[in-house]
Amino acid sequence: MHRCLKLPVALALILSAGTAAAADKPETLTIGITGFLSGPASVFGEPARAASEILLDDLNRAGGIGGVPVTAIWVDEGAGGEHVLSEYRRLVQDVGVDAMFASISSGNCKKVAPLAEDLRILNIMWDCGTQKIFEENSYRYVFRTQANATPEMLSTLLYLLKTRPDFETIAVVNQDYAWGRDSWHIFSTALRRLKPGVRVVAELFPKFGAPDFSTEISRLLALRPDVILSTSWGGDLDNFVRQSVQRGLTERSTFVLPLMESSLQRIGPDMPEGVIVGGRGDHYFLHPEFRDDDAFAAFVERYHAATGEYPIYPVFHIAQALAALQGAYERAIAGNDGAWPDREQVVDAMEGLEFRGLGRTVRIRDDHQGVEDQMIGVTRRDPAYGFAVMDHMMIFPGAEITTPAGMDSTAWLENLPESILEIPVETYRHAE
Amino acid sequence: MDPILLVLATLDGIAYAALVFLVAVGLTLIFGVMRILNVAHGGFYAIGAYAAASLVLSVSGADLNPWLTFPALLVAAGAVGAVLGLVIERGLLRHIYAKEEVLQLLVTFAAFMILEDVQRLVWGVQPYAATDPVRLLGTVEVMGIPYNAYQIILLPAIALLVLVGLRWFLRHTLSGKVITAVTEDRETAITVGIDARRVFTITFVIGAVLASLGGALASPTTAIQLGLGAEMIVLSFAVVATAGLGQVEGAALAALLIGLGRSFAVYLVPELDVLIPYMIMVLVLLVRPQGLFAVAEKRRI
């Protein structure tokens, strides 16, 4: 008899403890982050991880989020999509993380989004670029704390049209996978609309990870296009740029490289001047508006001391994801009369949130897409650095160049108003 | 096709084929003698490339004569090939010669993956570039198009040298003749007193040195990054299978065929660029299942 009583009593105790905990502050807030820590894309994952350690350290020193310290658990996307999905489940269901940041790969973002809905877990897409996620579906639990491929490509094209309006021919050399194909689709759709007479003289999609572009470069040398676009990144971009420089291709054609910000330090002094470059947002360690800001400069210095490098765009992306999480919790706490919010309240607080990472303020739209300004510039040498820096930077307002919520990017780009060429941009020179 | 483009595509194809040949010839040599398809070959290639890049960078950084980067490439290739070749052959393969072929394949695949992790541990994830040798040799203009002398003169010359040297070694030196004997008929060779184990070691080390030489010579032309070895081993398999396993001269012709096929594809049908090497392989194997140059196996009863 005595024994029979014990179980229900224990159960009742556990259950009441459970309901009480929902209102109590947890000991820690745990986030799961997926990113490439192996494979070619680890050039993005490793810097982001290094940055997350510094940022979390700073955050926790300052009291964490609402007095609760934050810890992160990283999952390697390099181990494959299946691994990411099973680790995602494990982190949410067994470890009990409070939020997920996933992921770098657009393919993984597409897989993870429906899973986040099933598991009812706040998922911040912290780096992936595909514009299709919120154009094809709508989600309650999934948000993106940066721009997507459409404003990234459109700002690049607008910069080109503003600074080199007279080009007649263009060639593209992109990696042969979803990003390489999709980014060219966006760029060329907008190009046909805004400058209809331009001739596309070559569309080359070398294999992802191709070590040698000699043949492509010979062909481009013979074709002499006015402009050469490449949205490649990592070792592929390094190779394409270095091999083009060696063979004089960069002297014959204007290069447009929207992800070059992440390769500038590796290419070093070989980088020619006058190449149009970007970093997927207003991400730049010498951001003209913030470089003299104390917190910004202190972070750049700490990052440089820890890694020997200056931060690149995925560092800024992870900073934005953390800033958004912090912003959402603080907003939810405030809306909950200072009491610790439950998870649904935090998800509610993400909608319409404005936050600032290490760049300009980003706003989360109704469709959960972040509206982020885009900075594009041209390379220039500065003896203070062993690599090329950006000059003549233009910052494009995100609201004007992002596909309106509820619209499909292709349809929007095909009918872009001419007035988009006249949107106001701030221009900055490199300060030595 | 414009005759100018014809010349350009041919030059690109030859430069590409030269590198592929260096890797494929080691693979085919090892298979000919040991009947092992050595997947770890891709690891030798990648580590040869990493080691060469490191050595070239330290020579460039040390204020020495920049032309010393050329011997640095060779030293790195020789050291990596000899050490890794000996360790893998003595430590691993020696114990599984009597086992099934599938098992041998899996063991070399495991060695390949271990070597990938070694690269990660030693060199990290950021791409390396050591381009001084390419810069030093400069460019040559062919019909108004600048080419790297390193790629269209030096690489094909070295590939040719290796081909001629290997032919001479296999036909005119005692060690070479012994290797040829084991390739053609292992049982008889052992019966007449040839020490097959020694031949295996020598062959494997030569093959490993050729693979790391390929990597070392490729290193000035490209960024060395993770995944480099996998890329090369797959392509080398295509070359070796097209030529017929164990065929040294065949590997040279198949590499040329595949190199030219690929570069012409970039000019004419760029969408097929990735596919061409494998399409050539499939077409050849459909007509000649043993490969272009394989001699029919004698049936043994």
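Given the criterion of a type in the set (Asp, Glu), in contact with a strand residue (DSSP E or B) (Cβ under 9 Å, 6 or more places away or on another chain), away from chain B (no Cβ under 14 Å) and within 28 Å of residue B:228 (Cβ to Cβ), identify the matching residue among A:82, A:87. Explain how you work it out, then say what you get.
On the way: A:82 fails: in contact with a strand residue (DSSP E or B) (Cβ under 9 Å, 6 or more places away or on another chain).
Of the residues listed, the single one that is of a type in the set (Asp, Glu), in contact with a strand residue (DSSP E or B) (Cβ under 9 Å, 6 or more places away or on another chain), away from chain B (no Cβ under 14 Å) and within 28 Å of residue B:228 (Cβ to Cβ) is A:87.
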**Study point:** Condition check for residue B:71: farther than 23 Å from residue B:240 by Cα, touching a residue at least 24 places away in the same chain (Cβ under 8 Å) and not acidic (Asp, Glu)
**Key:** no
Practice item. Could you figure out which of (1) within 11 Å of chain B (Cβ to nearest Cβ); (2) in contact (Cβ under 8 Å) with a residue 24 or more places away in the chain; (3) in contact with an Asp or Glu (Cβ under 9 Å, 6 or more places away or on another chain) isn't true of residue A:219? Key: (2)
Practice item. Scan the range A:63-95 for residues that are more than 25 Å from the chain's Cα centre (by Cα) and loosely packed, with under 13 Cβ neighbours inside 10 Å and jot them down. Key: A:63, A:67, A:93, A:94, A:95
Exercise for review: Only strands (runs of 3 or more DSSP E) wholly contained in the range A:318-429 count here; list those with 2 or more residues that are buried (at least 16 other Cβ atoms within 10 Å of the Cβ).
Suggested key: A:362-364, A:374-381, A:388-396
Practice item. Starting from residues that are surrounded by fewer than 16 Cβ atoms within 10 Å (Cβ to Cβ) and touching a strand residue (DSSP E or B) at 6+ places or on another chain (Cβ under 7 Å), keep the ones in the range A:164-199 and report whichever is farthest from residue A:216 (Cα to Cα). Key: A:164
Practice item. Name the single residue, out of those in the range A:144-180 being within 14 Å of chain B (Cβ to nearest Cβ) and in contact with a Phe, Trp or Tyr (Cβ under 7 Å, 6 or more places away or on another chain), that is nearest to residue A:359 (Cα to Cα). Key: A:180
Check your understanding: In this structure, is residue A:340 in the same structural domain as residue A:308 (by TED's automatic domain parsing), among the aromatic types (Phe, Trp, Tyr) and out of contact with any strand residue (DSSP E or B) (no Cβ under 7 Å at 6 or more places or on another chain)?
Key -> yes
Exercise for review: Could you run through the range B:187-229 and say how many residues are at pLDDT below 90, surrounded by fewer than 22 Cβ atoms within 10 Å (Cβ to Cβ) and under 30 Å from residue B:123 (Cβ atoms)?
Suggested key: 1
**Study point:** All helices (runs of 4 or more DSSP H) inside the range B:212-301 with 3 or more residues being small (Gly, Ala, Ser), under 28 Å from residue B:147 (Cα atoms) and within 14 Å of chain A (Cβ to nearest Cβ)
**Key:** B:228-243, B:248-268
Review point. Has the range A:83-91 got at least one residue that is among the basic types (Lys, Arg), assigned to a helix (DSSP H, G or I) and in contact with a helix residue (DSSP H, G or I) (Cβ under 8 Å, 6 or more places away or on another chain)?
Key: yes
Point to revise | Lone unmet requirement of (1) buried (at least 21 other Cβ atoms within 10 Å of the Cβ); (2) assigned to a helix (DSSP H, G or I); (3) within 13 Å of another protein chain (Cβ to nearest Cβ) for residue B:108 | key: (3)
Review point. Part of a helix (DSSP H, G or I), under 21 Å from residue B:49 (Cα atoms) and within 14 Å of chain A (Cβ to nearest Cβ) - does that describe any residue in the range B:77-100?
Key: no
Point to revise | Among (1) in contact (Cβ under 8 Å) with a residue 60 or more places away in the chain; (2) assigned by TED's automatic domain parsing to the domain that holds residue A:33; (3) within 25 Å of residue A:394 (Cα to Cα) - the single one residue A:288 does not satisfy | key: (2)
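The values are calculated or read from the model by the stated rules, or taken from the named source; none is laboratory data. Because the structure is predicted, anything quoted here is derived from the model rather than measured. Cβ: placed from backbone, ideal geometry, glycine included. Neighbour counts: every protein chain shown.
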